[in-house]
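> Can you keep this structure in mind? I'll have questions shortly.
The values are calculated or read from the model by the stated rules, or taken from the named source; none is laboratory data. Computed from a prediction, not measured in an experiment: that's the story for all the values here. Reconstructed Cβ throughout: ideal geometry from the backbone, glycine too, with neighbour counts over all protein chains shown. Ligands, DNA and RNA are stripped out before the accessible areas are found, and what is left, the full protein with its side chains, is counted by its heavy atoms. Shrake-Rupley method; radii C 1.70, N 1.55, O 1.52, S 1.80 Å.
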Amino acid sequence: MMKKVLYIGWIGFQNVGDELLWNLFASYARQYAPDVQIIPSTPKVNWKDTSPYDAVVLGGGSLLLPGYMAVLQEAHEAGKPIWIWGSGIDWIGEAETDALCAGAKPALHRYFSANDVELFRTVLASAAFAGIRGPLSEAVLKTLGAYPANVRVIGDPGLLLQTPASAEPPNKEKTIGINWGTTYNRLFGQHETLVEDTLARAAKMWIASGYRIHLYIVWPNDRSACERLYKKINCPERVTFDRALYDERQFIERLQPLAATVNFKLHANLLSLAAGVPAVMLGYRFKVFDFAALLGLDRYVVSTASPQLETDLIDTVALAEQHRRRIMEQYETARRQYIPLLLEPFERGLFR
């Protein structure tokens, strides 16, 4: 009988980032374990019931949460192998994020109870493979005292995305891409409208400097927010709003000609970098800082809570354009470092 493995991710909601991580996992699973059936946790699947499966994978995304950990614990107690593939932490507050970025160990009891910490410790320790997303996720687990010896930072699985053969495509357009959307005001600074208005002002300044603007989304729910931004910029002759949703390959193709991008959603940054285009990351939550730290590109994060947000955006985009080659080299260095770690569980045949 064919072995069945459950892949847990935020799948089936047309979020390009989460779908990308699943697509990469499925692709390598087909390559390394063609005799194994992988079931993704789409809305039709009751992923909390692990009884039909032989093994359970917690996939990429910000899924290091007590609810998911409890499902993994139940699977492990039922004798099923569990593994964690590039999952990360999110939802840590702004002050604590700043402290962790500075190498401090802030109190985190607001976010995790003593039971949560014990759950994290026992589940991570029992995983056949425990690979987490980034160094700030690592710092949180170490601060909590929930970092067993088997846990390693393996990077964001999106780093497996192949970059185009040409590292420097010809005819770079004098165009800045902006990915905008909504997180329903759950962002640092708690003021999504203020960020949107600031982006509109920055876009007008770029247009005045001779740039075009290309607006795009990576999640259908972001369309109305991006439409608002388009109207606020109010320069249809210099602004393109691409309302369509694409897969990762199509996105890379469309982003490649751009000079730089400013991105709200986490994996829009990765798609930009994969396209050879420097990305300025809107640091709206902990996970963005975790991802930037992973790549060594912390300098290119602009916090949505910044009191001088417009100036920071203008300056950081200029810096990103100036250091495009250095940014892309840094990204490729990170990819070379983490790809072997991301592929290790496949090569070890852990779920065969």
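> Averaging sequence separations of C-alpha pairs under 8 Å and six or more residues apart, then dividing by the length of the chain, give the relative contact order as a whole percent. Before the final figure, lay out each step's value.
Numbers: 651 pairs, mean separation 62.9, N = 352.
Relative contact order of the chain: 18 percent.
> When the helix-only estimate is applied to the chain (DSSP H runs of n ≥ 4, each -39,500 (n - 2.57), divided by the residue count), what is the mean residue ellipticity at 222 nm, nearest 500 deg cm²/dmol?
Working: 12 runs with 153 residues, N = 352.
Computed ellipticity for the chain at 222 nm equals -13500 deg cm²/dmol.
> Name the chymotrypsin sites (Phe, Trp or Tyr not before Pro) in region 1-49 that are in a loop by DSSP and that have at most 13 other C-beta atoms within 10 Å, would you? Show your work: numbers first, answer last.
Working: sites: TYR7, TRP10, PHE13, TRP22, PHE25, TYR28, TYR32, TRP47; in loops: TRP10, PHE13, TRP47.
Those satisfying the criteria are PHE13.
> Right, here's the next one. Return the label of the correct value of percent of Cα pairs over 38 Å apart, as calculated from the structure shown, out of (1) 16; (2) 30; (3) 22.
So the structure-derived entry is (1).
> Moving to a separate point now. Could I have the simple spin-label model distance between MET2 and ARG299, label points 7 Å from Cα toward Cβ, reported in nm to one decimal?
For the pair MET2/ARG299, the computed spacing is 5.0 nm.
> Full-extension gain between GLN31 and ARG348, please, as 0.36 nm times their residue separation minus the C-alpha to C-alpha distance. The partial results should precede the final answer.
Working: separation 317, 0.36 × 317 = 114.12 nm, distance 1.30 nm.
Additional length available on full extension: 112.8 nm.
> Gain in length, THR163 to MET205, computed as 0.36 nm per residue apart minus the alpha-carbon separation, to one decimal in nm?
That works out to 12.0 nm of additional length.
> Can you tell me the orientation of helix 286-295 relative to the chain, as the angle in degrees between its alpha-carbon axis and the longest Cα principal axis, to the nearest 10?
Approximately 90 degrees, to the nearest ten.
> Summarise the accessible area of the chain (1.4 Å probe, protein heavy atoms) by the percent that is carbon and sulfur. Working shown, then result.
Working: 7140 of 14240 Å².
C and S fraction of accessible area: 50 percent.
> Where in the chain lies the longest segment free of GluC sites (Glu not before Pro) that are both loop residues by DSSP (not H, G, I, E, B) and have at most 15 other Cβ atoms within 10 Å?
Longest site-free region, per DSSP loop and neighbour criteria: 1-172.
> Something else now. With label points built 7 Å along Cα→Cβ from the Cα atoms of LYS142 and LEU194, find their separation and express it in nm.
Here the modelled spin labels are 3.3 nm apart.
> Apply 1/(1 + (r/R0)^6) to the Cβ-Cβ distance of ALA244 and ASP49, taking R0 = 41 Å, and write down the FRET efficiency to the nearest 0.05.
Calculated value: 0.70.
> Next question. Name the residue, out of TYR284, TYR338, TYR68, whose mean-square fluctuation peaks in a Gaussian network model built on the chain with Cα pairs under 10 Å.
Of the options given, TYR68 has the highest mean-square fluctuation.
> If each residue of separation counts as 0.36 nm, what is the full-extension length gain between LYS172 and ALA107 once their alpha-carbon separation is subtracted?
Details: separation 65, 0.36 × 65 = 23.40 nm, distance 4.61 nm.
In short, 18.8 nm is gained.
> Quickly work out the GLN322-to-ALA125 label distance, labels modelled 7 Å from Cα along the C-beta direction, and quote it in nm with one decimal.
For the pair ALA125/GLN322, the computed spacing is 5.0 nm.
> Using a probe radius of 1.4 Å on heavy atoms only, what accessible surface per residue do you get for region 118-166? Whole Å² is fine.
In whole numbers, region 118-166 has 30 Å² accessible per residue.
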